[in-house]
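None of the figures in this text is laboratory data; all of them are computed from the coordinates on show. Computed from a prediction, not measured in an experiment: that's the story for all the values here.
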Amino acid sequence: MGLTPSEKKRYNESKKRRRQAYESYETGKIKPIRSKGKIIAAAVAASLAVVIGVLIFTVTKQTGQDGQSSAVQTNETRNSAGLLRIVSARYPAEKDEVPKLAEFNGFRVNEVLLKDLQDMFDSAKQKGITLKIKSAYLSYGEQEKLFEAKLKEVRKNKSYSQVRAAAVASAEVSKAGESEAQLGMLVDFDSGDSKTKAFLDREGINFGFILRFPKEKEDLTHHNYSPSLYRYVGKDYAEKMRTLNMCLEEFADYEAEN
């Protein structure tokens, strides 16, 4: 059956438009008109390209161009319990961050370490040693007051500039937001007694506690040696750190790479 006059008219007009479009494309004015099927195919291909691009960007952002995790991501996701989490000038805690806390001998500690801390106290008592805590969890505000008091003391040395005084003070007492006491994972023991100190150093790892700022590691911890500050990292990590003779900064990087 032949075309009706109106159908012939529409066909000729369509043919004319396609010819004009092609001539315009040849002169560089516009792109040629594509069939509906080609347009759909092109759209699908473009969509796939966008999806693939997003996936590549996401993976690259998470792992970095060299396939290694970024420093911030590594610090935040080392383990679900935060046992190896570092809080420092480089990795500060949020001002309003408060962990789940539990009471122990009049102090607040992270509930994660409560049982091991109690077991350590019980073990020490069996050996004739009475462990005492001087400080445990500190809020952002409490840490801020401690640092300001230390800074005021250091500034009494008139030979220090303001910047130098702040650096000296922060090597002794961490600034607010830069202390793991805010995590409730750092415990300051009364370790003046030689038997107590020997017990903490020898037996602490059996209950998940390591000396947070050991000697000869100051260049890594950026904190002066402190004989009384012990950090809870869990029994497995504590034992590995003792075996490898690593401070928390070294071991956290070691774990992230292995």
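Could you work out how far the C-alpha centroid of the stretch 132-148 sits from that of the stretch 224-258, in angstrom?
22
Given a cut-off of 29 Å, name the pairs among K145/K215; K100/K215; K152/K195; K150/K197 whose C-alpha atoms lie farther apart than that in the structure shown.
Working: K145/K215 26 Å; K100/K215 31 Å; K152/K195 34 Å; K150/K197 25 Å.
Pairs exceeding the cut-off: K100/K215; K152/K195.
Computed on alpha carbon atoms, what radius of gyration and Dmax characterise the stretch 102-173, expressed in Å?
When restricted to Cα atoms, the stretch 102-173 yields Rg and Dmax of 17.4, 50 Å.
By how many nm would the segment from A89 to E103 grow when fully extended, if each residue of separation counts as 0.36 nm and the alpha-carbon distance is taken off?
On the way: separation 14, 0.36 × 14 = 5.04 nm, distance 2.80 nm.
Length gained between A89 and E103: 2.2 nm.
Provide Rg and Dmax in Å for the stretch 125-258, with only Cα atoms included in the calculation.
According to the Cα coordinates of the stretch 125-258, Rg and Dmax are 16.0, 50 Å.
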